[in-house]
Amino acid sequence: MVKLYPNMSAVLLHNSQLDHKRIKHPSALGLEVGQQIQVKYFGRDPTDGRMRLSRKVLQSPVSATVKSLSERYSISVGAPGDPAADP
């Protein structure tokens, strides 16, 4: 749960919106109760009116090798200009 302002009621921040990798519990990222974090507000859900928040959109994208074709060639995913993504 996240409090945006001291007088507001807490808002749910789903585990899938904490990080690019899949986690089961916020403690896997070293997060603790009472810790301040930055989140992005996406407005309200049109079906139920709940606030939509995300922490992972504020983080840089994960650069990873998707598939190794051989020892000489590989396909990489990364940000443009990232040396790890260039062949």
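I'd like the Karplus ³J(HN,Hα) series for segment 31-43: coefficients 6.51, -1.76, 1.60, θ = phi - 60°, whole numbers in Hz, and an x wherever there's a Gly or Pro.
Once θ is set to phi - 60°, the couplings for segment 31-43 become 7, 10, 4, x, 6, 8, 9, 9, 9, 9, 8, 9, x Hz.
Specify whether the C-alpha gyration tensor of segment 15-61 places it in the rounded, prolate or oblate class, a ≥ b ≥ c being the square roots of the eigenvalues: rounded for a/c under 1.5, otherwise prolate if a/b is larger than b/c and oblate if not.
Prolate is the answer for segment 15-61, as a/c is 1.5 or above and a/b outweighs b/c.
Bear in mind these aren't lab numbers, they're just calculated from the coordinates by the rules spelled out. Keep in mind the model is a prediction, meaning the values are calculated, not measured.
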